[in-house]
1. Only helices (runs of 4 or more DSSP H) wholly contained in the stretch 70-141 count here; list those with 3 or more residues that are closer than 28 Å to residue 230 by Cα.
2. Out of all the residues in the stretch 24-37, which are assigned to a helix (DSSP H, G or I) and in contact with a strand residue (DSSP E or B) (Cβ under 7 Å, 6 or more places away or on another chain)?
3. Kindly provide the set of residues from the stretch 38-63 that are farther than 16 Å from residue 26 by Cα and either in contact (Cβ under 8 Å) with a residue 40 or more places away in the chain or touching a strand residue (DSSP E or B) at 6+ places or on another chain (Cβ under 9 Å) (or both), ordered by number.
4. Read through the list (1) in contact with a helix residue (DSSP H, G or I) (Cβ under 8 Å, 6 or more places away or on another chain); (2) modelled with pLDDT under 95, then give the number of the only condition that residue 218 fails.
5. If you take the residues of the stretch 223-257 that are over 29 Å from residue 8 (Cα atoms) and assigned to a loop (DSSP other than H, G, I, E, B), which of them is modelled with the highest pLDDT?
6. Of the residues in the stretch 74-108, how many are within 18 Å of residue 138 (Cβ to Cβ) and crowded, with 16+ Cβ neighbours inside 10 Å?
7. If a residue must be in contact (Cβ under 8 Å) with a residue 40 or more places away in the chain, under 13 Å from residue 123 (Cβ atoms) and assigned to a helix (DSSP H, G or I), how many such residues does the stretch 175-190 contain?
8. Name, by its number, the condition in (1) surrounded by 15 or more Cβ atoms within 10 Å (Cβ to Cβ); (2) under 19 Å from the mean Cα position of the chain (by Cα) that does not hold for residue 112.
């Protein structure tokens, strides 16, 4: 009974930012559980590589070229997937950017707007477009990728814009969950710590910043993409059927201190 709740056989899922990193790991987790997965990313080249990585592990997936900041394209992809598959069961809002190390007083308008456009607007455009189809069918699960940075202020790097964007994603998660819960659509979020992906490669492993990250984490290490994907899979599945509006912190203990 309990293991069966984790199965996603026959369900249709789309993962934004799905061609690499956490997104690709989420796609594999959902595919392993039986879902029919589409990778969405703005780079055709990255999509091709992501599909090849999944294929090498024995999983088939489809691909959609999509920039989450383009609301018209997001709506078109959602409508196309619905027309092709007949349903949409899972959306993983993973696409995001992390621009760090700029003090608040030095942040340009373009810088602020870019981070908010991808992380917040993109999450909403996708939730709105795919959520409409879920609401019409009376079921669905949306998992947003937030961040522990939506709960705390990171040290030592200044990144007010990123922290604000992820806090907004958390509040968006709760707001959508409250609006859509009685209509069969669950909306949750995962809040990761620093994960071993290219997005965090800017930190010199022998430098002060990286040392501060590790010293601030009780588990004394970065997370791995599969450790986030496992939680996303759980939230997407019926094993989390009573959960909506939850922000699940997966941070190696970082926010304990």
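The values are calculated or read from the model by the stated rules, or taken from the named source; none is laboratory data. The shown structure was predicted, so the numbers you read here are calculated from the model rather than taken from an experiment. Here Cβ is always computed from backbone atoms with ideal geometry, including for glycine, and neighbour counts include all displayed protein chains.
1. 71-85, 122-137
2. 26, 27, 30, 31
3. Selection gives 42, 43, 44, 48.
4. Of (1) in contact with a helix residue (DSSP H, G or I) (Cβ under 8 Å, 6 or more places away or on another chain); (2) modelled with pLDDT under 95, only one is false for residue 218: (2).
5. In this case the residue turns out to be 253.
6. Residues meeting the conditions: 9.
7. Counting residues in the stretch 175-190 that are in contact (Cβ under 8 Å) with a residue 40 or more places away in the chain, under 13 Å from residue 123 (Cβ atoms) and assigned to a helix (DSSP H, G or I) gives 1.
8. Against the list (1) surrounded by 15 or more Cβ atoms within 10 Å (Cβ to Cβ); (2) under 19 Å from the mean Cα position of the chain (by Cα), residue 112 comes up short only on (2).
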